[in-house]
1. Scan region 17-51 for residues that are crowded, with 17+ Cβ neighbours inside 10 Å and not hydroxyl-bearing (Ser, Thr, Tyr) and jot them down.
2. Looking at (1) surrounded by 14 or more Cβ atoms within 10 Å (Cβ to Cβ); (2) of a type in the set (Val, Ile, Thr); (3) at pLDDT 95 or above, find the lone condition where VAL168 falls short.
3. Has region 67-78 got at least one residue that is surrounded by fewer than 19 Cβ atoms within 10 Å (Cβ to Cβ), in contact with a helix residue (DSSP H, G or I) (Cβ under 6 Å, 6 or more places away or on another chain) and of a type outside the set (A, V, I, L, M, F, W, C)?
4. Does at least one position in region 47-60 carry a residue that is at pLDDT below 95 and within 20 Å of VAL32 (Cα to Cα)?
5. Could you please let me know if GLU112 is charged (D, E, K, R) and in a loop (DSSP other than H, G, I, E, B)?
6. Only one of (1) in contact with a strand residue (DSSP E or B) (Cβ under 7 Å, 6 or more places away or on another chain); (2) at pLDDT below 95 is not met by GLN21, so which one is it?
7. Starting from region 88-105, keep only residues that are modelled with pLDDT of 95 or more, then list their pairs with residues that are of a type in the set (Phe, Trp, Tyr) whose Cβ atoms are within a distance under 6 Å, requiring at least 6 positions of separation or different chains.
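The values are calculated or read from the model by the stated rules, or taken from the named source; none is laboratory data. Every value quoted in this text rests on a predicted model; they were computed, and no experiment measured them. Neighbour counts run over all protein chains shown; Cβ positions are idealised from the backbone, glycine included.
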Amino acid sequence: MNIKKISLLIALVVSFLFANQLTTVYSYQNAVYKAKKENKLVLVMMSYDGCPVCAYMKDIVFERPAVLDYLNQHYFVVIKDIEKGHYPQRFSSVDSPTFFFVDPTTEEETIEKKVGGFTPERFLAILKEANHDIDINATVATEQNATEQNATKAPCRKKMPCREEAKVTIQ
């Protein structure tokens, strides 16, 4: 194999590995700036280390292909620790995780904040609702199931251990 073929193969493998990852932005202001340029929304996730519901959202829900693709296509994601780091005060929360869906042009929320953990299907519906990209059939089906309307995993509280039922088993 010649060097060009090897280089191309390596480039393809590397691009494939990074294509299936959530793109996050460290700074809220940087996310707003980028989102304005690319006509996307900003998703702010407030969490903290040791929160099992946050880990479930990051490791399970965000990694589902439909959710991951939608996030990368329509959002800039900022994940902030409620116990450390710098973030706008308006995102302060004692519940973790808490999600804020922000229009970068107005810096106003497009829908009310969401608290707790959600199934991948429900979280995708929330992402679409915040983006005003609502699939009416999916919304009706979701509304018919009352348990899907709210968080499927109760949030953790800042500086308090999670309740036992909030601990997440990975399926």
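1. Passing the criteria: VAL25, ALA31, VAL32, ALA35, LYS40, LEU41, VAL42, LEU43, VAL44, MET45, MET46, CYS51.
2. Condition (3) is where VAL168 drops out.
3. Yes.
4. yes
5. Considered against the rule, which asks whether it is charged (D, E, K, R) and in a loop (DSSP other than H, G, I, E, B), GLU112 comes out as yes.
6. Among (1) in contact with a strand residue (DSSP E or B) (Cβ under 7 Å, 6 or more places away or on another chain); (2) at pLDDT below 95, the lone unmet condition for GLN21 is (1).
7. Taking only residues 6 or more apart or on different chains, the pairs are PHE100/PHE91.
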